[in-house]
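Okay, structure first, notes after.
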């Protein structure tokens, strides 16, 4: 839009800020923005991470308790004494289990509540920001696309805000703890398992990248479906008046099938990812059983140590499964966060000047003095329009669509 010599009583404005300036922000500022959403919930986040650490510690403690019980069975001759120690360790294991259950309950309930609150904060900020954007932004955007970003994309963010920190904490602590125990039991066998880890990580990252691309396409396609629904149902009177139901259905079905194809690409990559992770888990278990049996025959490992090793491998596998969950949440949440930030980083075309004065009470008279108007493509709709509207006066602007009413 361009105009000149307007004498309406308004605050001074400038148009020096361009939307392209906002799009040039580096990724570091987006990372800071992401972390800032945790600020109102710092205490809850700390408690959530503390419970995550307790979950990891109890998971490592149970195999160590099992090792103690099986080892004492081999060296105790007095059955009464053996039973008392076994029952005592059983009591300890029950207490560990209770602590693990309590920590898991807090993480699942309070953690999800925190994610839902952050999701609501993001959605409120996005909706509030959309109300401040200029008309030119809505000339370039469709309502269906914006609705998808405010609803679908922010929902994926809530899950990432909740599960992201706790799954990373539990996964890293379990991985480090289990690997430490395995190393002290049998460094050579632990080394064999460690050799497979980089292969699994490279495999996971490769298919994670493919899932990210597929999910980004799916988000775009479902937004197009929303846009088609909004157009068709918003103008349902016109559609029914001209008997265009079959035409609109065909247009909707075309968008819907495009979305289905994008989801199939994502499911294909997701299937390869989860099948590979499952094979890795079972492969490690088979290696431990075969190699452990051979080391028992060579008198390099005891049966209690093999039992503890297998239990710790089960703990070691959990971070791999959590990696799968983190990858899924990250590829959904990061795509949604990027789409949300693309809106939040848009600025209005017209903003207040640095030292603008508050607007006075308007009397209601409106004057246009030689105003010109055109759309963003440079096409001039009208020029040198002068108009006076007195307080309480009604003026109707009549004309076909696109003439600048």
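Obtain the nm distance between the two label points defined at residue 57 and residue 278 by a simple spin-label model: each point lies 7 Å from its Cα along the Cα-to-C-beta direction.
Rounded to a tenth, the inter-label distance reads 3.5 nm.
Please order 166, 220, 261 by the number of other Cβ within 10 Å, starting at the fewest.
If I rank by nearby Cβ atoms, fewest first, I get 261, 220, 166.
Using Cβ contacts closer than 10 Å as the measure, can you line up 151, 190 from fewest to most?
Final ranking by Cβ density, sparse to dense: 151, 190.
Pick the calculated Kirkwood radius over Cα pairs in Å for this structure from [x] 22.9; [y] 27.0; [z] 26.3?
[y]
Grab the Cα-Cα distance for residue 188 and residue 297, subtract it from 0.36 nm times how many residues apart they are, and report the gain in nm with one decimal.
Difference between extended and current length: 37.7 nm.
Expressed in nm to one decimal, what extension gain is obtained for the pair residue 381 and residue 64 from 0.36 nm per residue of sequence separation less their Cα-Cα distance?
Extra length from residue 381 to residue 64 when fully extended: 106.2 nm.
Do you know the relative contact order of the range 26-344, to the nearest whole percent, from alpha carbon pairs under 8 angstrom that are 6+ apart?
30
Between residue 245 and residue 206, what is the label-point separation in nm under the 7 Å Cα-to-beta-carbon projection?
5.1
What is the extension gain from residue 369 to residue 140, computed as 0.36 nm multiplied by their sequence separation minus the C-alpha to C-alpha distance, in nm to one decimal?
Taking residue 369 through residue 140 to full extension adds about 79.6 nm, to one decimal.
Going by how many other Cβ atoms sit within 10 Å of their own, how do 242, 247 line up, fewest first?
Starting with the residue having the fewest Cβ neighbours, the order is 242, 247.
Would you mind getting me the FRET efficiency between residue 357 and residue 131? Use the beta-carbon distance for r and R0 = 25 Å, nearest 0.05.
Efficiency, from the Cβ-Cβ distance: 0.60.
Starting from the 7 Å offset along Cα-to-Cβ, what nm value, one decimal, do you get for the label separation of residue 197 and residue 180?
Label-label distance for residue 197 and residue 180, simple model: 1.3 nm.
What FRET efficiency comes out for residue 172 versus residue 252 if R0 is 35 angstrom and r is the Cβ-Cβ distance? Round to the nearest 0.05.
0.15
Bear in mind these aren't lab numbers, they're just calculated from the coordinates by the rules spelled out. On a predicted model such as this, the values are computed, not experimentally measured, just so you know. With ideal geometry, Cβ positions are generated from the backbone for all residues, glycine too; neighbour counts draw on all protein chains shown.
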